[in-house]
Every structure is written in structure tokens, then in C-alpha cells.
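Inspection log for the structure reproduced underneath, given as C-alpha cells.
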Amino acid sequence: MVHPRLAFLGIGLMGLPMARNLLRAGYPVTVWNRTAAKAQPLVAEGATFAERPEDALREADLVITMLENGAIVDTVLFGSGAVKALRQGALVIDMSSIKPREAQAHAQRLAELGCRHLDAPVSGGTLGAEAATLAIMAGGEEADFAEAEAVLKALGKPLRVGPHGSGQLAKLANQMIVGITIGAVAEALQLAAAGGADPALVREAIRGGFAGSRILEVHGERMLKRDFAARATAQVQLKDMNNALDAAAGFDGYQLPITTQLRDLYASLCAHGGATVDHSGLFLEIERVNEESDKVRYP
């Protein structure tokens with residue numbers, strides 16, 4: 001079986017393990033990253049390093065981007081002129097989390113150049129990236145998804161959810177649920193502690209009920225241990241909440257009142273020095289709001 005030649009742009013916390021899994025699956029991968037040193041571990045494992053994005057794109061059948069936001073995707077692909085190096089018919093899979101309308105615009109611009117596009121953001125964090133168990137939500141043409149599916153399966157579980165931009169809508173739905181639920185878990189554990197209950201035992205008691213969730217399991221434990229080392233940062237969660245509100249505003253001003261309230265809390269956390277903590281660090285903002293941090297103790 002002849003594998004397609006891959007280019008991977010963006011070797012960060014997520015991109016590094018994702019590109020590594022593609023290498024382990026046997027794909028030839030050329031990597032590019034603005035900070036070249038971050039890509040060097042992949043070179044040691046068999047990847048080819050490109051000095052410029054266009055050098056990575058020139059021979060690629062399939063391009064994966066995993067960048068910070070839509071503006072950076074636009075700059076790397078279009079602003080730099082790198083897309084001019086793409087082969088006719090090449091397929092670009094943007095796995096970054098960006099605005100749906102940005103994904104649709106990128107798809108249109110690539111189509112005008114004779115190239116194809118999928119928006120395929122992911123959920124599962126660095127643990128999912130390392131284990132190749134990411135949930136992958138794809139938007140685009142059915143035939144393009146079918147062509148990319150084997151590659152995406154080396155990274156997790158891909159599912160096409162609709163036309164261009166739909167993958168980003170699915171990711172926003174995911175991030176809304178994650179961000180809102182983190183707030184609910186943080187408030188609930190702090191309420192338990194404020195009333196004299198042991199929050200660790202409260203978490204244990206409710207894990208088997210309807211309140212049981214991955215957020216309670218993973219992020220609840222981080223809160224109890226006060227382990228806010230970043231896996232996904234508060235500033236990225238804030239970006240996603242803002243993107244959800246931006247998307248809703250485009251649907252005749254559709255209202256997202258709960259998301260708006262949680263967006264404001266994440267914005268305040270970032271403004272008070274928590275931009276780079278894990279998004280479970282919303283716990284710290286709720287402590288600050290209540291001015292009760294000196295009365296709450298955790299094991």
C-alpha cells in the first residue's frame with residue numbers, strides 16, 4: 001500500500017503527538033513549525049523538516065494544519081503565499097479550532113486554487129492526542145472525507161458531521177459543554193467545601209449518578225489537587241467561547257446566555273493572571289469571586 005505524502009504544520013502540545021502517531025502509522029511526514037526546535041523530536045523519529053511552510057506543501061498529497069487560531073491559519077497558508085506551492089487537487093485538513101465562517105472562507109479560497117478542504121477540529125486534549133483516541137469532527141465534501149478517513153483514523157475517531165464549517169460547529173458545541181461543565185463542577189465542589197463537606201468525598205459520591213462525567217472525573221480531580229498545569233489553557237477556552245458567541249451572532253443574533261456568562265468568567269480569569277493555567281483553573285476565578293479562598297481547604 002502506497003501512503004499519501006503528508007505535510008503537518010504546527011508542532012505544539014497537540015501537533016507533536018499527532019504527527020508522531022502519523023509517523024508510527026507509516027506515513028511519510030514533512031513538518032513545519034514557526035519555532036523549529038519544537039519539531040526536532042519528530043525529525044529524530046523519521047520526519048522531514050521544512051524551513052518554510054511552502055517547502056512542506058510542495059510535494060504533499062494531504063496537508064494537516066494544527067495552529068492556534070483562524071488568523072494564524074490564514075497567515076500561514078494564504079498571507080505567506082504558501083498555498084501557491086500546493087499541488088493541484090491537494091487536500092488541506094485544518095484541525096485547528098477556528099470560527100466556522102473562517103473555515104468556510106478557507107475552503108472557498110482553496111477551491112479557487114484547485115485544491116480541497118476539510119475542517120476537522122479535535123477533542124480529547126493532549127492525552128487523546130498521545131493515545132490516538134481523539135474525537136475528530138469533520139466538515140466538507142463526503143468524497144474528500146472518505147479519502148482522508150484512513151489518515152484521520154491514525155489520530156482517533158473521525159466522523160463527518162456536514163458541509164464546510166460543520167466540523168467547527170461541532171467543536172464549538174463540544175467546547176461549550178466542556179467550558180460550562182467545568183464551571184458547574186468548580187462551583188459544586190466549592191459549595192460542598194464551604195458547607196463543611198469533604199469535596200473529595202462529594203465528588204466520589206456523585207460520580208455514579210447523573211452528574212457523573214469526564215469533566216467531573218478528570219477536571220474535578222485537578223481542582224481537588226489544585227493541579228492547574230496547562231493541558232488546555234484558559235485563554236484557549238476563552239477563544240472557543242468567543243467563537244461560539246460569534247457563530248451564534250451570525251444566526252440572526254441567536255442567544256447563548258449560559259455561554260455568555262461562562263465566557264465572562266473565563267475572561268476574568270485570564271485578566272487576573274490565569275490565561276495560561278489549565279481551563280480547570282476556572283476554579284480559581286470562582287474562589288476569587290467569592291473571596292473565600294482562605295476558608296476553603298483541600299487535601
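The values are calculated or read from the model by the stated rules, or taken from the named source; none is laboratory data. Everything numeric here is computed off the predicted structure, so don't read it as measured data. FYI the Cβ positions are ideal-geometry reconstructions off the backbone, even for glycines, and counts take in every protein chain you see.
Contact annotation: residue pairs with Cβ atoms under 9 Å, 6 or more positions apart or on different chains, pairing a residue in the stretch 228-239 that is assigned by TED's automatic domain parsing to the domain that holds V277 and in a helix (DSSP H, G or I) with a partner that is buried (at least 19 other Cβ atoms within 10 Å of the Cβ) and acidic (D, E), are A234/D278; A234/E285.
Of the candidates A71, A37, the single residue that is under 30 Å from G179 (Cα atoms) and either out of contact with any His (no Cβ under 6 Å at 6 or more places or on another chain) or among the hydroxyl-bearing types (S, T, Y) (or both) is A71. Pairs are defined by a Cβ separation below 8 Å, a sequence spacing of at least 6 or placement on different chains, a first member in the stretch 21-43 that is farther than 15 Å from G10 by Cβ, and a second member that is among the hydroxyl-bearing types (S, T, Y); the pairs so defined are P28/T48. On the stretch given as the stretch 116-139, residues that are at pLDDT 95 or above and assigned to a strand (DSSP E or B) total 11. Residues being assigned to a strand (DSSP E or B) and not small (G, A, S): count how many of those fall in the stretch 1-55. Final tally of qualifying residues: 9. The residues on offer are A103, A143, A135, A129, and the sole one that is assigned by TED's automatic domain parsing to the domain that holds W32 and over 19 Å from the mean Cα position of the chain (by Cα) is A143.
Being within 23 Å of L159 (Cβ to Cβ), in contact (Cβ under 8 Å) with a residue 60 or more places away in the chain and crowded, with 24+ Cβ neighbours inside 10 Å is a description that applies to A103.
Set side by side, the residues G209, G196 differ, and just one is surrounded by fewer than 17 Cβ atoms within 10 Å (Cβ to Cβ), assigned by TED's automatic domain parsing to the domain that holds L269, more than 23 Å from the chain's Cα centre (by Cα) and at positive phi, which is G196.
A quick yes/no check of all residues on (1) surrounded by 15 or more Cβ atoms within 10 Å (Cβ to Cβ); (2) in the same structural domain as W32 (by TED's automatic domain parsing); (3) touching a residue at least 60 places away in the same chain (Cβ under 8 Å); (4) not charged (D, E, K, R):
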site	(1), (2), (3), (4)
E59	yes, yes, no, no
T65	yes, yes, no, yes
I72	yes, yes, no, yes
A90	yes, yes, no, yes
S96	yes, yes, yes, yes
A111	no, yes, no, yes
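Going residue by residue through the stretch 5-24, is there one that turns out to be at pLDDT below 95, in the same structural domain as S123 (by TED's automatic domain parsing) and over 27 Å from L172 (Cα atoms)? No; the residues of the stretch 5-24 include none that is at pLDDT below 95, in the same structural domain as S123 (by TED's automatic domain parsing) and over 27 Å from L172 (Cα atoms). Here A230 meets the list (1) modelled with pLDDT under 95; (2) buried (at least 21 other Cβ atoms within 10 Å of the Cβ) almost entirely, failing just condition (2). Does R109 qualify as being farther than 26 Å from Q237 by Cβ, of a type outside the set (A, V, I, L, M, F, W, C) and assigned to a helix (DSSP H, G or I)? For R109, the condition - farther than 26 Å from Q237 by Cβ, of a type outside the set (A, V, I, L, M, F, W, C) and assigned to a helix (DSSP H, G or I) - is met.
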